[in-house]
């Protein structure tokens, strides 16, 4: 049972090129269902890990990486097909790059990083998923979402900026405190 969440995370990682391929082929309905299955598996592996105390260092790293790569793949392809505004895709990518660079810098210069997403980051992830899913549903022609997409784009932009700044503030203060305590 301890390795089940990691196995689910690995399967989610294998779904990334499937989602990308479906989006590139403009098979938005199938991409949506695969994307939704990926999100559901993220929820399930997290619940199993917490319920059975099956959290591992691998899972702490691989789970958010799989999430980010899934979102990044969908974001970049939907933006390339002009289904997602380029400015929003840029904001999402820049935030993720800042976080990754911050983690690498912290790990190298300060101390080992224990991944701990904030509630704002989790809200951002939910809004990003909802927005990308809504774009796919709209592109599939299932539900007319065009009227609601600008609101979703604005909300995602707000959480992208706020959570990015929160990470910079929190980890910057933590780095300064750690370095000061060592001196």
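The values are calculated or read from the model by the stated rules, or taken from the named source; none is laboratory data. Note that this is a predicted model, so its numbers are computed, not measured. Note that we place each Cβ from the backbone using ideal geometry, even for glycine, and neighbour counts take in every protein chain shown.
So the values come out like this:
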| quantity | calculated |
| --- | --- |
| Sole exception among (1) buried (at least 17 other Cβ atoms within 10 Å of the Cβ); (2) farther than 24 Å from residue 41 by Cβ; (3) without any contact (Cβ under 8 Å) to a residue 24 or more places away in the chain for residue 82, by number | (1) |
| Residue within the stretch 21-28 that is over 27 Å from residue 144 (Cα atoms) and either in contact with a strand residue (DSSP E or B) (Cβ under 9 Å, 6 or more places away or on another chain) or part of a loop (DSSP other than H, G, I, E, B) (or both) present | no |
| Residue that is nearest to the chain's Cα centre (by Cα), among those in the stretch 77-119 that are outside any helix (DSSP H, G or I) and either within 16 Å of residue 162 (Cα to Cα) or modelled with pLDDT of 95 or more (or both) | 117 |
| Filtered residues of the stretch 102-119 (kept if loosely packed, with under 10 Cβ neighbours inside 10 Å and under 20 Å from residue 56 (Cβ atoms)) | 112, 114, 116 |
| Residues of the stretch 137-160 satisfying the condition of being within 21 Å of residue 95 (Cβ to Cβ) and in contact with a helix residue (DSSP H, G or I) (Cβ under 7 Å, 6 or more places away or on another chain) | 149, 152, 153, 155, 156, 157, 159, 160 |
| Which listed residue, of 40, 15, is surrounded by 15 or more Cβ atoms within 10 Å (Cβ to Cβ) and either within 19 Å of the chain's Cα centre (by Cα) or modelled with pLDDT under 95 (or both) | 15 |
